[in-house]
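*Asks:* Here you go, one structure.
The values are calculated or read from the model by the stated rules, or taken from the named source; none is laboratory data. Bear in mind the structure is a predicted one, so any value in this text is a computation, not a measurement. Glycine gets a Cβ as well: all are built from the backbone with ideal geometry, and neighbour counts include every protein chain shown.
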Amino acid sequence: MRPDTHEPATKGDLGLLKGDISLLKDDVGSLKGDVSSLKDEFMAFRAEMRDMFRPVLLTLEHHTAELADIRETFRPIHIALAHHTAELADIRGYLKDKMVTRDEFHSRMDGFTGRVDDFDYSSAKNRARLDEHEKRISALETKHA
């Protein structure tokens, strides 16, 4: 049937339809060929890429192995460094708790020398008094003798 007139199809219409179907088959066959050649090109590209990246991957694996070796080499060093860092922290804490700073030392020494000077002054005053008492005693002894 013709879609526009609702009349039965003629032999000419069937011939046109067969021609259209034949063209469609040719187009589908051509499309299959194009897809097949595209698939072949993609597979060739994939093989090229695999061949091109194989040395890169081997180099990367080599460097990864070297990094693992370096990590193993540095592991004891890292452990020793961590121990030394902890020891230094302990030493710093000890020095902070048990030792004095230069300013604290000078401040304490200034205080100490001030006390020594005060003691020397007091001692000198006491010696002068002692000398005076000894003179008085000597004078009294000579009077009573």
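*Asks:* Please work out if His106 is at pLDDT below 90 and surrounded by 10 or more Cβ atoms within 10 Å (Cβ to Cβ). Working first, answer last.
*Replies:* Details: at pLDDT below 90: yes; surrounded by 10 or more Cβ atoms within 10 Å (Cβ to Cβ): yes.
Here the answer is yes, as His106 does meet what is asked.
*Asks:* If you don't mind, another one. Does Phe45 satisfy the criteria of being aromatic (Phe, Trp, Tyr) and under 43 Å from the mean Cα position of the chain (by Cα)?
*Replies:* Spelling it out, Phe45 is indeed aromatic (Phe, Trp, Tyr) and under 43 Å from the mean Cα position of the chain (by Cα).
*Asks:* Follow-up. Does Ile77 meet the test of being surrounded by 10 or more Cβ atoms within 10 Å (Cβ to Cβ), assigned to a helix (DSSP H, G or I) and among the aliphatic types (A, V, I, L, M)?
*Replies:* On the way: surrounded by 10 or more Cβ atoms within 10 Å (Cβ to Cβ): no; assigned to a helix (DSSP H, G or I): yes; among the aliphatic types (A, V, I, L, M): yes.
So Ile77 fails the test.
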